[in-house]
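The values are calculated or read from the model by the stated rules, or taken from the named source; none is laboratory data. These numbers were taken from a predicted model, which means no experiment stands behind them. Cβ placement follows ideal geometry from the backbone for every residue including glycine, while neighbour counts extend to all protein chains displayed. Protein only, heavy atoms only, side chains kept; ligands, DNA and RNA dropped before computing areas. Shrake-Rupley method; radii C 1.70, N 1.55, O 1.52, S 1.80 Å.
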Amino acid sequence: MTGLVIKNTGSHYIVLTEDGVERPCLAKGNLRLRGIRSTNPIVVGDHVIIEQSKGQADEEAHYICDILPRRNYIIRRAANLSKESHILAANLDASFLVCTVVAPETSTTFIDRFLATAEAYRVPTELVFNKIDLYTPEDTAYMHGLIELYTQIGYPCHKVSATTGEGISELTQRLSGQITLFSGHSGVGKSTLINRLIPGAELRTGNISLAHFKGMHTTTFSQMLPLPHSDGYLIDTPGIKGFGTLEMRGQEVSHYFPELFRISESCRFNNCTHTHEPGCAVREALEQGSIAPSRYASYLGILEDEEGNKYRPEYK
């Protein structure tokens with residue numbers, strides 16, 4: 001029997017099977033021994049094959065025995081270095097990164113690492129700037145600068161307030177008919193936003209930690225939620241602090257920065273790293289202001305991570 005993983009609590013799963021029934025499942029033991037070096041080899045969005053446990057009277061004893069091929073996924077380096085990766089979700093039509101300018105601030109480094117990973121695994125991504133009701137004129141001006149930057153690169157941006165409802169109707173229309181991952185730092189209002197988009201979802205929300213002005217984790221597991229009046233779904237995941245990139249070779253990193261990739265066609269050398277080579281069109285564009293310094297800095301940071309195999313738990 002096949003099904004779709006709609007909830008993952010770490011060791012237990014809820015699978016929506018082909019007969020329309022939600023069944024609690026466990027991972028079969030040998031599935032975990034296949035060399036899947038991940039903190040979570042089975043993720044929300046996975047299409048799986050399940051089998052009923054044999055020799056037990058309980059009809060609800062089901063096990064996931066295989067994972068069907070994924071068309072894409074979002075992955076990051078795991079904080080636990082004994083495992084290589086942590087997969088956020090699989091088989092996505094889109095991912096939406098929820099950002100805030102303040103309380104807490106989402107850095108351009110974090111945004112760029114998320115976007116580069118989404119490019120690497122072919123997941124279309126859009127940015128959602130939340131909490132716009134809290135912004136000062138200076139905050140708003142900074143947000144508009146970010147929106148102009150990322151829109152020009154090719155990433156659609158949305159301005160919303162989960163508290164007042166501003167921008168929610170437009171966002172709802174954009175989400176219709178697709179499976180979308182919602183991700184972001186803890187404290188950016190992701191759960192509050194999803195409660196606005198899906199009345200009755202009743203996701204727990206939390207306050208900002210005054211000690212560190214960071215978000216407090218409120219979502220402790222991943223789950224897929226149906227959108228009302230639509231055949232679309234949202235995948236809610238726990239808030240994340242850092243985003244360590246994974247499986248990016250040095251010569252490929254610029255491919256995941258669309259504006260760098262376009263300009264790199266004019267570089268003198270085909271294998272230009274855009275760091276020191278003569279005739280580098282990317283560094284020339286940087287000097288002329290055609291490439292944002294923040295984007296170039298993010299590119300260099302990923303190159304450094306690839307060379308040093310680093311995990312960076314926090315990005316400022």
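Restricting the first member to segment 174-201 and to residues that are closer than 21 Å to residue 229 by Cβ and among the small types (Gly, Ala, Ser), and the second to residues that are modelled with pLDDT of 90 or more and open to solvent by 20 Å² or more (accessible area, probe 1.4 Å), the beta-carbon pairs closer than 6 Å and six or more apart or on different chains are 201/195; 201/225.
For segment 197-228, which residues satisfy the criterion of being at pLDDT 50 or above, surrounded by 12 or more Cβ atoms within 10 Å (Cβ to Cβ) and under 21 Å from the mean Cα position of the chain (by Cα)? Can you show your working first?
To start, the set of residues in segment 197-228 that are at pLDDT 50 or above comprises 197-203, 220-228.
Then keep just the ones that are surrounded by 12 or more Cβ atoms within 10 Å (Cβ to Cβ); that gives 197-198, 201, 203, 221-228.
197, 198, 201, 203, 221, 222, 223, 224, 225, 226, 227, listed by residue number.
For segment 48-73, the set of residues classified as among the aliphatic types (A, V, I, L, M), modelled with pLDDT of 90 or more and open to solvent by less than 30 Å² (accessible area, probe 1.4 Å) consists of 48, 50, 64, listed by residue number. If only one of 142, 150 is open to solvent by 30 Å² or more (accessible area, probe 1.4 Å) and aromatic (Phe, Trp, Tyr), which one is it? Just a single option satisfies the conditions, and that option is 142.
Just one residue in the set 179, 194 is buried (at least 18 other Cβ atoms within 10 Å of the Cβ), within 27 Å of residue 40 (Cβ to Cβ) and at pLDDT below 95; that residue is 194.
Screening 233, 256 for residues that are closer than 24 Å to residue 293 by Cβ, aromatic (Phe, Trp, Tyr), within 22 Å of the chain's Cα centre (by Cα) and modelled with pLDDT of 90 or more leaves exactly one candidate, 256.
Return yes when residue 295 is open to solvent by 40 Å² or more (accessible area, probe 1.4 Å) and modelled with pLDDT of 95 or more and no when it is not. Spell out the reasoning first.
Working: open to solvent by 40 Å² or more (accessible area, probe 1.4 Å): no; modelled with pLDDT of 95 or more: yes.
The answer is no for residue 295.
Got at least one residue in segment 113-125 being outside any loop (DSSP other than H, G, I, E, B), surrounded by 24 or more Cβ atoms within 10 Å (Cβ to Cβ), of a type in the set (S, T, N, Q) and touching a residue at least 40 places away in the same chain (Cβ under 8 Å)? Taking every residue of segment 113-125 in turn, at least one turns out to be outside any loop (DSSP other than H, G, I, E, B), surrounded by 24 or more Cβ atoms within 10 Å (Cβ to Cβ), of a type in the set (S, T, N, Q) and touching a residue at least 40 places away in the same chain (Cβ under 8 Å).
For residue 101, are the conditions met, namely being buried (at least 20 other Cβ atoms within 10 Å of the Cβ) and in a loop (DSSP other than H, G, I, E, B)? Write out each step before concluding.
Working: buried (at least 20 other Cβ atoms within 10 Å of the Cβ): yes; in a loop (DSSP other than H, G, I, E, B): yes.
So residue 101 passes the test.
Within the set 173, 152, the sole residue that is in a helix (DSSP H, G or I), modelled with pLDDT of 95 or more and not aliphatic (A, V, I, L, M) turns out to be 152.
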